[in-house]
Amino acid sequence: MISCSRTDDTRLLFHFNHVIDCNRVLEGSPCSFEKNILILNGVCEHENPMQVLLTHCEFFVHIHDMPMNKMNREMASLIGNKLGIFRDVEMDRHGRSWGAMLRIWVSLEISKPLKRALKLKSVSGEELLVTFTYESLLNFFYLCGKLGHMKKYCDSMFMEGFKDPGHNTPYGP
């Protein structure tokens, strides 16, 4: 059973009867309502819900263009922490990930644009460019790369010197 109450115009407080239900919801993020992201965070009973930060949301990110010898937990953690806060990586029982991409779970700061690629340099000086795709993106504007809004609400369109790129937006589609 779950109950819900409004704390103000921007926040809802959900109460779960069991911690297992709460964890299931938190681990299943991102959650959405009408294609808008719901930013979830746990609240302890001694905390003020209005002071809990709602700045991050967890996503699965696919890392492409990696050599097989780099598809490991150490590299996943390194890249994940460059994107946001690394949570986990999908690996087999031997600690390997085989295939076209490495799938990681990362907590991303939602006010920042999503990264499309990252250049890595090995100790020997070899450069590696990896690219990213994100699972379960909801409202997302392809001009600025930020979550949570569409074209008519984007601040970047009102900046001095803005030129509309038409269909040639830096973040796709």
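The values are calculated or read from the model by the stated rules, or taken from the named source; none is laboratory data. This structure is a prediction, so every number in the text was calculated from the model and none was measured. Neighbour counts run over all protein chains shown; Cβ positions are idealised from the backbone, glycine included.
The table below gives the values:
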| quantity | calculated |
| --- | --- |
| Residue satisfying condition, being of a type in the set (S, T, N, Q), surrounded by fewer than 16 Cβ atoms within 10 Å (Cβ to Cβ) and over 10 Å from the mean Cα position of the chain (by Cα), within set S124, S136, S97 | S124 |
| Among (1) in contact with a Lys or Arg (Cβ under 7 Å, 6 or more places away or on another chain); (2) surrounded by fewer than 15 Cβ atoms within 10 Å (Cβ to Cβ) - the single one H15 does not satisfy | (1) |
| Test for S107: is it hydroxyl-bearing (S, T, Y) and farther than 20 Å from L26 by Cβ | no |
| Search result, residues across the range 55-86 that are of a type in the set (K, R) and at pLDDT 95 or above | K82 |
| The range 28-47, residues that are surrounded by 11 or more Cβ atoms within 10 Å (Cβ to Cβ) and in contact (Cβ under 8 Å) with a residue 24 or more places away in the chain | S29, P30, S32, N36, I37, I39, V43 |
| Test result for L118, under 21 Å from L137 (Cβ atoms), in contact with a strand residue (DSSP E or B) (Cβ under 6 Å, 6 or more places away or on another chain) and surrounded by 13 or more Cβ atoms within 10 Å (Cβ to Cβ) | yes |
| Verdict on M50 being part of a helix (DSSP H, G or I), touching a residue at least 12 places away in the same chain (Cβ under 8 Å) and over 22 Å from the mean Cα position of the chain (by Cα) | yes |
